[in-house]
Amino acid sequence: MTTTYAVLSEGLEKRFGAVPALRGLDLAVAEGTVCGLLGPNGAGKTTAVRLLTTLLRPDAGSARVAGHDLVREAAAVRSRIGVTGQYASVDGDLTGRENLRLFARLHRVRGPAARADELLERFGLAEAAGRRASTYSGGMRRRLDLAASLVRAPDVLFLDEPTTGLDPASRARIWQAVRDLKADGTTVLLTTQYLEEADQLADGIALVERGRVSHTGSPAELKALVGSYAEAVVTDVDALPKAAAVLDQLTGSEPVFDHERGAVGALSTDPTLTLPRLVRELDAAGVPLLDAGLRPPTLDDVFLRLTGAPAPTKELAA
């Protein structure tokens, strides 16, 4: 079966003066899927999105978005995509309904009033439709912004940090909206600092480092590259260095300390490491053990292993 790609780039390059932002970005996003674009700060994710949405022109390389050449058919690309960033672009002086009707008219959508009402209902904003957007909470404004990007039902939707700073309930609404879009056949390219978000939503992940895609795969496939996470919880925090030495020897990874819990853990790619072996080695080293465990890796673990950088913050606004 031949795969059709909604986004396909080869060797995209972009420099800002003497600083290279993209150094040959190769990206393939299949139609009707959610792709998570992850990477450390400064890796080139935002530049990639700005290029693929025609806001910037590449210095080298090529790309097709929604079947159109990024440079030669930029207007056609823009007519087939939607873009939502981490900061809402709606007009605070207009009501929610007025904002969506305005976007619908700008995009020459038939029946702008009906389309606006449909989106307000879909995103749980119908009761607040007559209020000015400036009175909306952050989560409501973000949902209104997402609704505005969907007034013409784009083939490809770019979501750049869509839930930054949102409370858990608002994030959950955005997550459900993304799932609904995928079910409707929309392709979504998602950049996010919340790795749990990518784990929950993405069919595939592209890990960007230094302006290139370094690893691709499903969340499960990337986790398989890491192995497992071994952890020891001790009864005496003075024993943490001794436990760390055992984990270092067993895993070959630098241990990570959690002094508040009296715990130390490390990533292991050794498929033969078992919990009984872990407990035996800790016991033989005289570690006063309260608990020990092996768990599947998270995307945070993947991020740490594959990039060598701490995972982005996952803290939420209250």
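The values are calculated or read from the model by the stated rules, or taken from the named source; none is laboratory data. Every value quoted in this text rests on a predicted model; they were computed, and no experiment measured them. Here the Cβ positions follow ideal geometry from the backbone for every residue, glycine too, while neighbour counts run over all protein chains shown. Calculation scope for accessible area: heavy atoms of the full protein, side chains included, ligands and nucleic acids excluded. Shrake-Rupley method; radii C 1.70, N 1.55, O 1.52, S 1.80 Å.
Looking at the range 57-64, can you tell me whether even one residue there is aliphatic (A, V, I, L, M), on the phi > 0 side of the Ramachandran plot and open to solvent by less than 70 Å² (accessible area, probe 1.4 Å)? Checked the range 57-64: no residue is aliphatic (A, V, I, L, M), on the phi > 0 side of the Ramachandran plot and open to solvent by less than 70 Å² (accessible area, probe 1.4 Å). The criterion of at least 1 residues that are closer than 27 Å to Gly36 by Cβ, open to solvent by 20 Å² or more (accessible area, probe 1.4 Å) and among the aromatic types (Phe, Trp, Tyr) is met by the following strands (runs of 3 or more DSSP E) wholly inside the range 219-302: 228-234. A search for C-beta distances below 8 Å between a residue of the range 261-272 that is free of Cβ contacts under 8 Å to residues at least 40 places away in the same chain and any residue that is part of a loop (DSSP other than H, G, I, E, B) and among the hydroxyl-bearing types (Ser, Thr, Tyr), counting only pairs 6+ apart in sequence or on different chains, returns Gly262/Thr235; Ala266/Ser253.
Picking from residues in the range 36-52 that are in a helix (DSSP H, G or I) and of a type outside the set (Ser, Thr, Tyr), the one that is nearest to Ala66 (Cα to Cα) is Leu52. Number of residues in the range 1-35 that are open to solvent by less than 30 Å² (accessible area, probe 1.4 Å), within 20 Å of Arg80 (Cα to Cα) and assigned to a strand (DSSP E or B) equals 8. On the stretch given as the range 71-120, residues that are in a loop (DSSP other than H, G, I, E, B), surrounded by 15 or more Cβ atoms within 10 Å (Cβ to Cβ) and either among the aliphatic types (A, V, I, L, M) or without any contact (Cβ under 8 Å) to a residue 12 or more places away in the chain (or both) total 5. Beta carbons closer than 6 Å, at least 6 apart along the sequence or on distinct chains, never pair a first residue in the range 166-191 that is open to solvent by 60 Å² or more (accessible area, probe 1.4 Å) with a second that is part of a helix (DSSP H, G or I).
Yes/no matrix, rows are residues, columns are (1) at pLDDT below 95; (2) of a type outside the set (Gly, Ala, Ser):
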| residue | (1), (2) |
| --- | --- |
| Asp26 | no, yes |
| Lys45 | yes, yes |
| Ala60 | no, no |
| Val71 | no, yes |
| Val77 | no, yes |
| Leu106 | yes, yes |
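Being under 30 Å from Glu161 (Cβ atoms), touching an Asp or Glu at 6+ places or on another chain (Cβ under 6 Å), among the aliphatic types (A, V, I, L, M) and open to solvent by less than 10 Å² (accessible area, probe 1.4 Å): is that true of Leu195 here? When the stated conditions are applied, Leu195 passes them. Checked against the criterion of being open to solvent by less than 40 Å² (accessible area, probe 1.4 Å) and under 30 Å from Leu8 (Cα atoms), the candidates Ala153, Ala147 yield just one match: Ala147.
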